[in-house]
Every structure is written in C-alpha cells, then in structure tokens.
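First up is the structure itself, then whatever we jot down about it.
The values are calculated or read from the model by the stated rules, or taken from the named source; none is laboratory data. Everything numeric in this text was worked out from a predicted model, so none of it was measured. FYI the Cβ positions are ideal-geometry reconstructions off the backbone, even for glycines, and counts take in every protein chain you see. The area values use the complete protein model at the heavy-atom level, side chains included, leaving out ligands, DNA and RNA. Shrake-Rupley method; radii C 1.70, N 1.55, O 1.52, S 1.80 Å.
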Amino acid sequence: MPRASETLWELAQAAAERGGDAEGAADKALLFLGSKAGGKTTIILRCLDREEIPKPTLALEYTFGRRAKGHNTPKDIAHFWELGGGTSLLELIQIPITSDNIKTFAIVLVLDLSKPNELWPTMESLLQVTRNHLNKLITKLGKTNPKVATEIQEKMWNNIQKDHPDYELIDPFPIPLVIIGSKYDIFHEFDSEMRKIICKTLRFVSHYYGASLVFTGKPDTLLLKARILINHLAFGFDRSKSVSVDQNKPLFIPAGLDSLSQIGPPPASDSDIGKLYAHTPLDLWKKVYEKTFPPMRNSDLKDSKDPALDPQYAEYEIDAMRTQKNQLLQIICNDCDTSDSRGQFISMFFKVMCKYNII
C-alpha cells in the first residue's frame, strides 16, 4: 500500500523499479501530444474520471491513474505524460520515453479537427520527431539488449494480420499509436467535401502507421470510444472491434481494421494526381491534402508566449530575482557599444547568461 505522503514522482519511480505486480502485469505509460489547445488535458482527465477544470499545460506534465481488471485484483498503474505547446517543445519528447521503458509506452496524438490547415504540419512534425527518437532507442537496444529490440519490432505488427491485403504496403509506428481527432462538434459543421478530405486523409495516415483513429468532442459522450482505446493501452482492457467509417459520423477505427481498398484513392482527380510529384504514397496524400488546406508555417504553430510571465506560475522570490537580472542586463547593454562586433558579442553573451540563470 502506498503511503499517504507519497508524491506522484515517488509513485512513478517506485512503479518503474517494481516493473509490474506479482502476476507479471507491467505498468504502462502514454505520451499525449498534438495540437496546442486541442483538448489533450480534457481527454486525460475524462479518461481518469476526474472532474477538474483543465488548465493550460506548461512544457511536460505528468499524472497517473489506477484501474483493476476485476474484483479483488490488484490495481494496475498507468503513467500519463502530456507535452504542451503544440510543436514548440519537440525536444522534450525524449524525456519520458527511454530505453528502459519503451516496451510499455504508447503515443496518443490529438489533432484539432477545427483547424484543418494546421493539422498536417502538426501531425508530421510530432510523429517525425517521436519516430526518430524511438528508432534511436531501438538501435541502441539492438546493441545492448537485442532480445528486447526484437520484441519491440515484432510487436509493431501485432495489429496487422499477415494475411491482411495491405501487409506489405504499410509502415507501422514503432510503438502503439492512437490518433484522436478532437472538436468533432465544430468539424461536423464543415462542408461535406471538406469533411470527406479530412476523414479520408486521417484514415490513410492511421492505417499506414498501424494506428487507431477516433473522433471526439462535445458532449462528453463522444469521449467514450476514445476511453476504450486509451484504457486498452493503459490498463490492458479488451480492445473494441467495432468500426465506424461513415464521414457523417464520428470515426472509430481500431488499428488493423481498415484497408486501402475501403479508404480509396486520394480525393483528387486523376489529372491532378498525375501532376503531383511524390516519392511515397504518404507524400502523395500530403500533397493532395495541402492543395485544399495550405499548411501553416511551423513558426506560426509554435507557442510564442513566455511561460515565465504567466500568472499561473508566479513565484515572488524567483520573479523578483529575474527582474533584477533583467535590469542588470539592460545596464550592461546600455554601456556596450553595439556598433562594433565586440560590443555585439558582449551584449549577446550577457543575454545568454541571463536566459539560463547563470548570472
């Protein structure tokens, strides 16, 4: 039994060291990432049956949940990590996922359906960085623990039957992946052709990566199917085999239950497709999608707000020290002659020193 005084970090550390209960059930972990203000925190809270009012996520946050698979059985622990800031803090992805816990991790990518022009660049940036990090860990494990590396690579294909017609045409994500399209209540009001393009594109991307796809939004009843997928990954509950591919209803497609023949070709005329130069099927779908929804620039997707100025995280002593440093910096910069390279260097040097709290 955990002590009442145990913190979240102490519980997480103890769980990591324990590695599972006496019956061999290992703790699981999920990393939620995706569109800024896309509803990640709300989804986590609802999945954990918490009625808290969601607050903006700063950088990387952690919480946990407990579930028992039946009566008189030990409760499993699932660790929930959330990356804030959209695509602004990609380097933080490598913090929660390590070579020690990669076997028990899953990714939940939340995409804001109400902002279709941001959808592809957000998805592409986050999945590329995450996949690169995972591939590096797997390569490292291949040298130090080849058995575990082989298990991870074999597990990639668990959701795709060998007799599936698309078995040779897809490229599964290294670890389990769920793609959630949020704010379906707003998306549902879009023009039918726009909805068709977005639905078909997300179906292709999810199927290509061997991922599950589900749409959520208001009211909270729309979260029920997302909870099913998340509970399966977090606590090992049974996976639903129901499927909904009707673009006029919220999509729900567990991994491995879609096919390229059902999805159909990219939503464009043959002549338009012939004019697009693409190296891979994924690249072709990207070009077709971006023709209708020109992408936002990466700089526009990044969070430009300084969290140090957010009153939610105010700390009087720290903020007072920060103000003092900024005043010192201003005095130094005023005394520097920035018209020459030496003055510019000194000014930049002290800005960097202040930024990282060295002075």
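From the list Leu111, Leu90, the one residue that fits, being among the aliphatic types (A, V, I, L, M), within 11 Å of the chain's Cα centre (by Cα) and farther than 28 Å from Leu141 by Cβ, is Leu111. Any chance region 28-49 includes a residue that's at pLDDT below 80 and not hydrophobic (A, V, I, L, M, F, W, C)? No, region 28-49 contains no residue that is at pLDDT below 80 and not hydrophobic (A, V, I, L, M, F, W, C). Given the condition within 30 Å of Asp191 (Cα to Cα) and in contact with a Pro (Cβ under 8 Å, 6 or more places away or on another chain), answer yes or no: does some residue in region 95-117 qualify? Within region 95-117, one or more residues are within 30 Å of Asp191 (Cα to Cα) and in contact with a Pro (Cβ under 8 Å, 6 or more places away or on another chain). Does Ser347 meet the test of being modelled with pLDDT under 65, surrounded by 12 or more Cβ atoms within 10 Å (Cβ to Cβ) and not in a loop (DSSP other than H, G, I, E, B)? Yes: the conditions hold for Ser347.
Restricting attention to region 249-280, which residues are of a type in the set (D, E, K, R) and either at pLDDT 85 or above or touching a strand residue (DSSP E or B) at 6+ places or on another chain (Cβ under 9 Å) (or both)? Passing the criteria: Lys249, Asp258. Only one entry in Ile186, Ile160, Ile180 is aliphatic (A, V, I, L, M) and either in contact with a strand residue (DSSP E or B) (Cβ under 7 Å, 6 or more places away or on another chain) or not assigned by the TED database to the domain that holds Leu233 (or both), namely Ile180. Given the residues Glu118, Glu154, which is the only one that is at negative phi, crowded, with 19+ Cβ neighbours inside 10 Å, part of a helix (DSSP H, G or I) and of a type outside the set (A, V, I, L, M)? Criteria check complete, one pass: Glu118.
Say whether the condition of being within 30 Å of Met194 (Cβ to Cβ), touching a Phe, Trp or Tyr at 6+ places or on another chain (Cβ under 9 Å) and in a strand (DSSP E or B) is met by at least one residue in region 82-95. Within region 82-95, one or more residues are within 30 Å of Met194 (Cβ to Cβ), touching a Phe, Trp or Tyr at 6+ places or on another chain (Cβ under 9 Å) and in a strand (DSSP E or B).
When we screen Ile198, Ile152, Ile160 for residues that are modelled with pLDDT under 90 and farther than 23 Å from Cys47 by Cβ, the only hit is Ile160. In region 179-239, counting only helices (runs of 4 or more DSSP H) that sit wholly within it, the ones holding 1 or more residues that are open to solvent by less than 30 Å² (accessible area, probe 1.4 Å), within 19 Å of Leu119 (Cβ to Cβ) and in contact with a Gly (Cβ under 8 Å, 6 or more places away or on another chain) span 184-187, 192-208.
Out of curiosity, is Ile107 closer than 18 Å to Tyr62 by Cβ and either assigned to a loop (DSSP other than H, G, I, E, B) or open to solvent by 10 Å² or more (accessible area, probe 1.4 Å) (or both)? Taking the combined requirement at face value, the residue does not satisfy it. Taking Gln128, is it in contact (Cβ under 8 Å) with a residue 40 or more places away in the chain, out of contact with any helix residue (DSSP H, G or I) (no Cβ under 6 Å at 6 or more places or on another chain) and closer than 25 Å to Ala226 by Cα? Answer is no for this residue. The condition of being at pLDDT 95 or above, among the β-branched types (Val, Ile, Thr) and over 18 Å from the mean Cα position of the chain (by Cα) holds for Ile186. If you go through region 38-92 and keep only what is open to solvent by less than 60 Å² (accessible area, probe 1.4 Å), under 24 Å from Gly236 (Cβ atoms) and touching a residue at least 60 places away in the same chain (Cβ under 8 Å), you end up with Lys40, Ile43, Arg46, Cys47, Gly65, Arg67, Asp76, Ile77, Ala78, His79, Phe80.
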